[in-house]
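Trainee: So that we are looking at the same thing, I have put the structure below in C-alpha cells.
The values are calculated or read from the model by the stated rules, or taken from the named source; none is laboratory data. For clarity, every value in this text was computed on a predicted model and none was experimentally measured. Quick reminder, even Gly has a Cβ in these numbers, built from the backbone with ideal geometry, and neighbours come from all protein chains shown. When the accessible area is computed, the model is the full protein with side chains, heavy atoms only, and any ligands, DNA or RNA have been set aside. Shrake-Rupley method; radii C 1.70, N 1.55, O 1.52, S 1.80 Å.
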Amino acid sequence: MVSDGRRTPHPRRARLARHLRLLREDAELTIKSVGRRMGWSDSKVSRIETGLSGITPGDAARLLDIYNVTGPRRDWMLGLASSGNPRHVPGAFRELEAESAAVLGYESILVPGILQVPEYTRAIIQSHRPELTVEETERLIELRVARQALLTRADGPRFHLIVDEVALRRPVGGEPVIRAQLRRMIELGELDSVMLQVLPAECVAHPAPNGAFTVLQFRDDLDPGIVALSHHLGTIYFDAPMDVEGYVDLFRRLGRHALDPGDSAKLLTRLASG
C-alpha cells in the first residue's frame, strides 16, 4: 500500500487498516462473516481493511469487540480511529516518528531534519520555498527544532542515521552555518538515542543510488513498519511488509559501507574545523 495523505490513504489509516485485517485473520473470520455481524456489505469491510475508507471510533470499537481485543492495543487502535479526517491531518511524518520505536534514516543531499540547527533549516527553506513569509518560515523552523525533543525523550525512538559525506560538504547557509551544523551533529551523535554514520564520498559501489529514505519501526510485533520517501510535493509512504524489509536490507548494506560511529565523528570534526 502506498499513501501520501492526499490521493491515497493516510499512513495512520493504513496502519489501522492493516491491524484490523490481521486481527480478523487471526480470529479465523471471513470478510463476509464480519460484514454480516456488523450489518455491512462485504465491500465496506474490504475498503476499511485496505484503508480506502475510514472508520468511526464507535465502529472500530465494535470490530475490536468481535476480535476480543482489550487493553493497551485496544486503546491504541481506538486512538488511530479517533485521529480525525486522515486526508487532512498535517504533520503525518512527525506523528509517525514520535510513535516509533526506531528510526532508520539515510540522507544523500542534506543533513537529516532531526539534527538540523535553525540557521541550516532557514537556509534550506529560503532556497526551496522563497514564497513563504518570514512568519511562515519561522514557524517551520520551530516545528523542526521541536522534533529534536524526541532525541532526549525517555521513551523516544532510537535513531540510526546515515549521511552521505557529500551532504556534509554542501555549504548550506555559508561556511559559518555549515560548521555550526557539523558541530551540532557531533554533539547529538554522542546521545545514547543516536547512532550516526557517514557514508564516505569515495564509496564507489553506492548501495542506494536513488537517494534518501526513512524506515519507521514500531513497538507492535504485528507492524512491519513504514517507509517514507520525501519529494517536492510531500511524502510517499510504503507499508507492504516486502517493501519495508527491502528498505531495511538496503539500510543494512549502507551501514556496512559507512564509517563506524567513531570514525564518522572524527570526519565530522575535521570538516567542522576546516
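Trainee: I'm trying to understand the selection: among the residues of segment 187-201, which are within 29 Å of Pro171 (Cβ to Cβ) and either outside any helix (DSSP H, G or I) or basic (Lys, Arg) (or both)?
Mentor: Gly189, Glu190, Leu191, Ser193, Val194, Met195, Leu196, Gln197, Val198, Leu199, Pro200, Ala201
Trainee: Next question, about the same structure. Report, by residue number, each residue of segment 191-200 that is more than 18 Å from the chain's Cα centre (by Cα) and surrounded by 13 or more Cβ atoms within 10 Å (Cβ to Cβ). Give the steps one after another, and end with the answer.
Mentor: Of the residues in segment 191-200, the ones more than 18 Å from the chain's Cα centre (by Cα) are 191-192, 197-200.
Hits for segment 191-200 are Leu191, Gln197, Val198, Leu199, Pro200.
Trainee: Restricting to segment 15-33, count the residues that are under 26 Å from Gln217 (Cβ atoms) and not small (Gly, Ala, Ser).
Mentor: 11
Trainee: Between residues in segment 143-171 that are in contact (Cβ under 8 Å) with a residue 60 or more places away in the chain and surrounded by 12 or more Cβ atoms within 10 Å (Cβ to Cβ) and residues that are part of a loop (DSSP other than H, G, I, E, B) and acidic (Asp, Glu), which pairs lie under 9 Å by C-beta distance while being six or more apart or on different chains?
Mentor: Hits for this filter: Glu165/Glu202.
Each row is one residue, and each column tells you yes or no for (1) open to solvent by 50 Å² or more (accessible area, probe 1.4 Å); (2) more than 12 Å from Ile162 (Cα to Cα).
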site	(1), (2)
Met242	yes, yes
Leu250	no, no
Ala258	no, no
Pro261	yes, no
Thr269	yes, yes
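Trainee: Go through (1) in a helix (DSSP H, G or I); (2) in contact with a helix residue (DSSP H, G or I) (Cβ under 6 Å, 6 or more places away or on another chain); (3) open to solvent by 30 Å² or more (accessible area, probe 1.4 Å); (4) more than 25 Å from Arg252 (Cβ to Cβ) one by one and return the number of the condition Arg184 breaks.
Mentor: Just one mismatch for Arg184, condition (2).
Trainee: List the number of the failed condition for Ala101; all other conditions in (1) in contact (Cβ under 8 Å) with a residue 60 or more places away in the chain; (2) buried (at least 17 other Cβ atoms within 10 Å of the Cβ) hold.
Mentor: (2)
Trainee: Mind counting the residues in segment 98-148 that are of a type in the set (Asp, Glu) and over 20 Å from the mean Cα position of the chain (by Cα)? Break it down into steps so the answer makes sense when it comes.
Mentor: Step one: of segment 98-148, the residues of a type in the set (Asp, Glu) are 99, 107, 119, 131, 135-136, 138, 142.
In the following step, the residues that additionally are over 20 Å from the mean Cα position of the chain (by Cα) were identified as 119, 131, 135-136, 138.
Going through segment 98-148 one residue at a time, the tally reaches 5.
Trainee: Identify the residue in segment 201-224 that is within 15 Å of the chain's Cα centre (by Cα) and of a type in the set (D, E, K, R) and, among all such residues, is most open to solvent (accessible area, probe 1.4 Å).
Mentor: So, considering only residues that are within 15 Å of the chain's Cα centre (by Cα) and of a type in the set (D, E, K, R), the one most open to solvent (accessible area, probe 1.4 Å) is Arg219.
Trainee: Quick check, is Arg12 in contact with a helix residue (DSSP H, G or I) (Cβ under 8 Å, 6 or more places away or on another chain), at pLDDT 90 or above, closer than 19 Å to Phe218 by Cα and not β-branched (Val, Ile, Thr)?
Mentor: Working: in contact with a helix residue (DSSP H, G or I) (Cβ under 8 Å, 6 or more places away or on another chain): yes; at pLDDT 90 or above: no; closer than 19 Å to Phe218 by Cα: yes; not β-branched (Val, Ile, Thr): yes.
Answer is no for this residue.
Residues checked against (1) aliphatic (A, V, I, L, M); (2) within 12 Å of the chain's Cα centre (by Cα):
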| residue | (1), (2) |
| --- | --- |
| Ile226 | yes, yes |
| His231 | no, no |
| Ile236 | yes, yes |
| Ala240 | yes, no |
| Ala258 | yes, no |
| Asp263 | no, no |
| Leu268 | yes, no |
| Ala272 | yes, no |
